[in-house]
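Chemist: Just passing along the structure, written as structure tokens.
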Amino acid sequence: MTALPPPSLPLGYALRRATLHDLRAVHRLERLIFPRDAYPYFDLALLFLTPSIINLKITAPDGSLAAFVCATRGLARDRAWIVTLGVDPAHQRRGLGATLLARAEARLGRPCVRLTVRESNQPAIRLYQRAGYAVIERRPGYYRDGEAGLVMEKRIEAG
């Protein structure tokens, strides 16, 4: 699949690199979006302190955090992972998730990108499928409450 250009953002929204200064806001949003699965504060801090991690954010017109993504190239030369991606419910259905996904993929620069999503999270699964991801594995009991996780993968052709 050829990489598509990232969608444009709605008027007033801005995409920037997320930094350690954004950690508290990202942690709050993680807990709002993923109440059962939010990364602990310390784990998120490690994502922000590790140089190889790509951290991006989208701010709303009022300057508040609307969405974020953390992604890693990892050690494999041919594969990268989207570690976490979230959009504040008040800002969903505006293309913010698709924009972050496309920008993260472009910055990762790997021919294969993977992510894991809750089996019941149909809106996220649809977003990932529209972006070219396909389920490659089902991991029973992946989440703390026993729900299965779906590993999804996108192959990106150079060009």
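Each reported figure results from applying straightforward, stated rules to the coordinates on display, with no laboratory input. Just so we're clear, the structure is a prediction, and the values are computed from it rather than from any experiment. All Cβ positions, glycine included, derive from the backbone under ideal geometry; neighbour counts span all protein chains shown.
Chemist: Relative to 2.2 N^0.38 Å, what does the C-alpha radius of gyration of the range 108-159 come to as a ratio? Two decimals please.
Modeler: Against the empirical 2.2 N^0.38 Å value, I get 1.20 for the range 108-159.
Chemist: Just how large is the dipole of the chain about the Cα centre, in debye to the nearest 20, putting +1 at every Lys and Arg Cβ and -1 at every Asp and Glu Cβ?
Modeler: My answer is approximately 220 debye.
Chemist: What list do you get for 100, 85 if you sort them by fewest beta carbons within 10 Å?
Modeler: Listed from fewest to most nearby Cβ atoms, that is 85, 100.
Chemist: Can I ask one more? Quick check on the chain: of the DSSP beta bridges with both residues there, what percent are antiparallel, nearest 5%?
Modeler: Antiparallel bridges: around 90 percent, rounded to the nearest 5.
Chemist: Consider the candidate values (1) 14.6, 47; (2) 24.9, 78; (3) 14.8, 41; state which one is Rg and Dmax of the Cα atoms in Å computed from the structure displayed.
Modeler: Correct label, based on the coordinates given: (3).
Chemist: Roughly how many whole Å is it from the C-alpha centroid of the range 88-105 to that of the range 131-159?
Modeler: Using only Cα atoms, the two centres lie 18 Å from each other.
Chemist: Turning to a different aspect of this structure: Quick one: which residues, 5 or more positions from residue 66 or on another chain, have an amide H under 5 Å from its amide H? H modelled 1.01 Å from N in the peptide plane, none for Pro or chain starts.
Modeler: The answer is 58, 59, 60.
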